[in-house]
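Asker: Take a look at the following structure, please.
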Amino acid sequence: MTWLVTFDCNVHCKFCSTHQLKKEFPEKISRERALELAHQIGRSGTWVCGFTGGEVLIWPHLFEVIKILKSYGVHVYIVSNGLTLEENVDAILETGVDYVVVSLEASNAQEHNFIRKSLIREKRDVFEAAIEGIEALKSKRKGDSPKIKSSTVFSPESLPRIQKTLKELEELVDVSSFQPITSHPPFSPHQPDEKYLEVFTWQERQKKEAESAIQDIIKNFPQFNTSYFNKIPDFWFEPEKLKCQIRCWSPSLRLLIHPDGQAFQCTENPRFAAVGNVIEQDILEVWNSEEMKKQREEIRQHKNGCICWTQSTAFNAFMEDLPLSKKLPILNKKEVQRVE
């Protein structure tokens, strides 16, 4: 379960469009309904629920909902820009959040703050606030729970500093990682302002540079020598190749809840409509809706004709790393033939 609790945010990032998405998906889920949903999610057998947005820490019902989910044994992660992390450390620890992901675009204030601008009245330094929040969480947690992960967007803009950033963040967090920027889906938060489009997205002429950069990162950081990271250049420059290699698992394993209550199995392909609304329906009614069944069948027959990073490439890379996947005949393949 991915619960996008709000598209509101206290930071304005140059590659992000959540402030525009807020107008399209306003918050409509009441506190009472959010708590009911938490119980439904817990009873449904969901094993992971991630909270993102927007900025999750400004959603007033976050920790009440997490407390309920944890009572059912659901693993919970939150994704934050870190601006108000320090003041929420106690609530994070009390509710038992398993993973905290903090977005850090550099290991120094000047470069990080160039990307991310604070919108709060005090105009607090975004980088300084995130670092202080991470340090506070590390000092108060018991052992290494919750795990702290940094996530850095890899783009032409970040290329000159990406390896230095990853190395220095390794000293700060439990896991440092990076991700490709995606700018094409209609509901993706990674939609650069028009004037920044070329700065943050890879152009065809930069293909060799991007491929070389990824391989250099993998050489210097062996933990990134996985299918997930090796496929990034193909995702950017030859997505058609991946359409024949990557099987989509989204409608069988994942549900996304938007702030207005609409639920999707996919927000990457505009042909896939909402499969229900959690304000009007129980979670399992949405999961087993006729629209969800229809979309499952379309994807089962490989008629979707699309490729995305979050729900296809990344999950398949995860599956490829599991020993079980090598033993399943349906996964022991070099290429998936699509039905035209």
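Asker: Considering only residues of region 92-126 that are of a type in the set (A, V, I, L, M, F, W, C), open to solvent by 30 Å² or more (accessible area, probe 1.4 Å) and assigned to a helix (DSSP H, G or I), which is modelled with the highest pLDDT?
Answerer: 93
Asker: Looking at 68, 78 in this structure, which one is modelled with pLDDT of 95 or more and in a helix (DSSP H, G or I)? Before the answer, list the steps.
Answerer: On the way: 78 fails: in a helix (DSSP H, G or I).
One residue alone meets the criteria, 68.
Asker: Do any helices (runs of 4 or more DSSP H) entirely within region 236-340 hold 1 or more residues that are modelled with pLDDT of 80 or more, and if so, which?
Answerer: Ranges flagged: 239-243, 250-253, 283-287, 290-300.
Asker: List the pairs whose first member sits in region 142-170 and is open to solvent by less than 10 Å² (accessible area, probe 1.4 Å), whose second member is of a type in the set (D, E, K, R) and in a helix (DSSP H, G or I), and whose Cβ atoms are under 8 Å apart, counting only residues at least 6 apart or on separate chains?
Answerer: Listed by first residue and then by second, the contacts come to 148/138.
Asker: How many residues are touching a helix residue (DSSP H, G or I) at 6+ places or on another chain (Cβ under 6 Å) and in a loop (DSSP other than H, G, I, E, B) when one looks only at region 53-65?
Answerer: 2
Asker: A further question follows. Mind listing just one residue for me: the one in region 200-222 that is free of Cβ contacts under 8 Å to residues at least 12 places away in the same chain and within 19 Å of residue 161 (Cβ to Cβ) and, of those, most open to solvent (accessible area, probe 1.4 Å)?
Answerer: 219
Asker: Would you check if there is a residue in region 7-16 being among the basic types (Lys, Arg), within 30 Å of residue 105 (Cα to Cα) and in a loop (DSSP other than H, G, I, E, B)?
Answerer: So far as region 7-16 goes, yes, one or more of its residues are among the basic types (Lys, Arg), within 30 Å of residue 105 (Cα to Cα) and in a loop (DSSP other than H, G, I, E, B).
Asker: A further question on this structure: Quick one: in region 19-38, of everything that is open to solvent by 70 Å² or more (accessible area, probe 1.4 Å) and either part of a helix (DSSP H, G or I) or basic (Lys, Arg) (or both), which residue is modelled with the lowest pLDDT? First the steps, then the outcome.
Answerer: The first filter runs over region 19-38 and keeps only residues open to solvent by 70 Å² or more (accessible area, probe 1.4 Å), leaving 20, 22-24, 27-28, 31-32, 36.
Now drop any that are not either part of a helix (DSSP H, G or I) or basic (Lys, Arg) (or both), which leaves 20, 22-24, 28, 31-32, 36.
Details: 20: 75, 22: 79, 23: 82, 24: 83, 28: 96, 31: 98, 32: 98, 36: 98.
Within region 19-38, the match that is modelled with the lowest pLDDT is 20.
Asker: May I pose another question? Consider residue 239 against the criteria (1) over 19 Å from the mean Cα position of the chain (by Cα); (2) exposed (fewer than 14 other Cβ atoms within 10 Å of the Cβ): it satisfies all of them except one. Which criterion is unmet?
Answerer: For residue 239, the exception is condition (2).
Asker: Any residue at all in region 41-52 that's part of a helix (DSSP H, G or I), of a type in the set (A, V, I, L, M, F, W, C), in contact with a helix residue (DSSP H, G or I) (Cβ under 8 Å, 6 or more places away or on another chain) and farther than 26 Å from residue 87 by Cα?
Answerer: Within region 41-52 (the criterion being part of a helix (DSSP H, G or I), of a type in the set (A, V, I, L, M, F, W, C), in contact with a helix residue (DSSP H, G or I) (Cβ under 8 Å, 6 or more places away or on another chain) and farther than 26 Å from residue 87 by Cα), the answer is yes, since at least one residue qualifies.
The values are calculated or read from the model by the stated rules, or taken from the named source; none is laboratory data. Small disclaimer: the values here were computed from a predicted structure and weren't measured. Please note: Cβ atoms are built from the backbone with ideal geometry, for glycine as well, and neighbour counts cover all protein chains shown. These area figures cover heavy atoms from the full protein model, side chains too; ligands, DNA and RNA do not enter into them. Shrake-Rupley method; radii C 1.70, N 1.55, O 1.52, S 1.80 Å.
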